[in-house]
Amino acid sequence: MKVLIVGSGGREHALAWKIAKSPRVETVYCAPGNGGTRLVAENVPLAETDIAGLAHFAEREKVGLTVVGPEVPLSMGLVDEFERRGLRVFGPSKKAAEIESSKVFAKEFMGRHRIPTGRFKVVDNYDDARKVLASSEFGYPVVVKADGLAAGKGVVVCATPKKAEETASEMLVQKKFGPAGRRVIIEEFLRGREVSFIVVSDGLRVQPLVTAMDHKTAYDGDKGPNTGGMGAFSPSPLMSEKLFNEIMSTVILPTVTRMLEEGRRFKGVLYAGLMITDSGPRVLEFNGRFGDPETQPQMMRLESDLVDLLEAAVDQDILRTEVRWSPDPSGCVVVASGGYPVHYEKGKIISGLTEAAAVPGVAVFHAGTKFENGQYLTTGGRVLGVCATAPTLAEAMGRAYEACGKVYFEAMYYRRDIGAIKEER
Ligand code: AMP
Ligand code: GLY
């Protein structure tokens, strides 16, 4: 079978790496891919948003399964177009992906079905935003969120009324996020521990992935601006059996069932970002895709065939496969360009990749890289995900950091505390 992976990040490299190991797969394509995916897949020069081009390619090459990595093509209806043409594709339809692409939809959906989440108000103009903020209904800090996709930058925790008004104004008046900020959510600030809960769903039932935890902020000690993720590890030390069962029964299963009832069958990865508060789990957000970088350590631990699992979801028969995980933990350190997530330079030559990959238990997944004239060059903020597995998390992180020490490009940086548990906030 031929498999097409859509996307170009570390998540897609990890998916391609795992799918290439499937005995059922003869060719893996990655569109557009990166400098690393070319080692395990054939890169196809089509943008992730070129839906007609991708569908045409899948038809022409007789691709048996397409796997969509990022949220943007999902929100544009890639899955709907592929299905219209009779192509097999793993991911939610446009209507189902709204659980991620519209935070207003997600919050109102949770409200309708009593799925636990923070209290909130939706506003669509600055006057109303100021009224809500002045009413001290939510106290401070308060969270201000743009409705639409904003590459992880549309959520601001505001400590003061001034900051909250400024943020609402940036979204609603200055239109910093364009149409994504046409509507804004003002939400109570939740305290507790943040956990991610990721399952594969066939629209009716789910198979949970092994737990993982990411580090969102740029600098050590969870300081600095939020990023797409500076590292991740699996399993999450914050997940107990009791908590697992509570999240399944209060969040995951009701969400899948109610989406189906609302005519938005959710086939794909359902990723719940949760705050574990004193009164139980509360949903911060949903994603309709694999996590990045959580996927990298998760794929290192997956022993069974990923293609079997994804196909079972597409066939609406997810329980037919057995998903097996290695008991060994794994971790992933993101190596980023200096200045990320704000301003950074591209085009730096990367060295030491072979030496890094030679460290036992290590896999180096590429994100913002390209291969040109025999050299690897940086093309983005998050450049590499240096991953490792070992019998203990401490050993896995030791291996990952040993490998990081062998990689070099100008102005690179990475966090030194990936794998350490976050403090309660
Ligand atoms: P989201 O994209 O909605 O998950 O928000 C990004 C990050 O903002 C989350 O991972 C949390 O760290 C933080 N956040 C979002 N909503 C809240 C909230 N209601 N209370 C506290 N922190 C929040
Ligand atoms: N690492 C967070 C995400 O994938 O949304």
task: Report yes if some residue within segment 315-328 is within 25 Å of LEU4 (Cβ to Cβ), acidic (Asp, Glu) and more than 16 Å from ligand 2 (Cβ to nearest atom); otherwise report no.
output: yes
The listed residue being under 27 Å from THR369 (Cα atoms), among the aliphatic types (A, V, I, L, M) and crowded, with 23+ Cβ neighbours inside 10 Å, out of VAL72, VAL68, VAL25, VAL40: VAL68
message: Would you confirm, using the coordinates I've provided, whether VAL123 is closer than 30 Å to ARG60 by Cα, buried (at least 18 other Cβ atoms within 10 Å of the Cβ), more than 18 Å from the chain's Cα centre (by Cα) and in contact (Cβ under 8 Å) with a residue 60 or more places away in the chain?
response: no
Count of segment 178-194 residues which are assigned to a strand (DSSP E or B), near ligand 1 (Cβ under 10 Å from one of its atoms) and within 30 Å of VAL323 (Cβ to Cβ): 1
task: Could you check PHE197 against (1) out of contact with any Asp or Glu (no Cβ under 7 Å at 6 or more places or on another chain); (2) farther than 20 Å from MET299 by Cβ and say which number it fails?
output: (2)
query: How about segment 193-209: which of its residues are under 16 Å from PHE233 (Cβ atoms) and within 15 Å of ligand 2 (Cβ to nearest atom)?
result: GLU194, VAL195, SER196, PHE197, ILE198, LEU209
message: Of everything in segment 202-252, what is among the charged types (D, E, K, R) and over 18 Å from the mean Cα position of the chain (by Cα)? Give them in sequence order.
response: ASP202, ARG205, ASP220, ASP222, LYS223, GLU241, LYS242, GLU246
Unmet criterion (only one of (1) free of Cβ contacts under 8 Å to residues at least 24 places away in the same chain; (2) within 16 Å of ligand 2 (Cβ to nearest atom); (3) not β-branched (Val, Ile, Thr)) for SER279: (2)
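Read-outs: derived from the displayed coordinates by stated rules, not from any lab. Quick caveat: nothing in here was measured; it's all calculated off a predicted structure. Because the Cβ atoms are built from the backbone with ideal geometry, glycine has one as well, and the counts that use them run over all protein chains shown.
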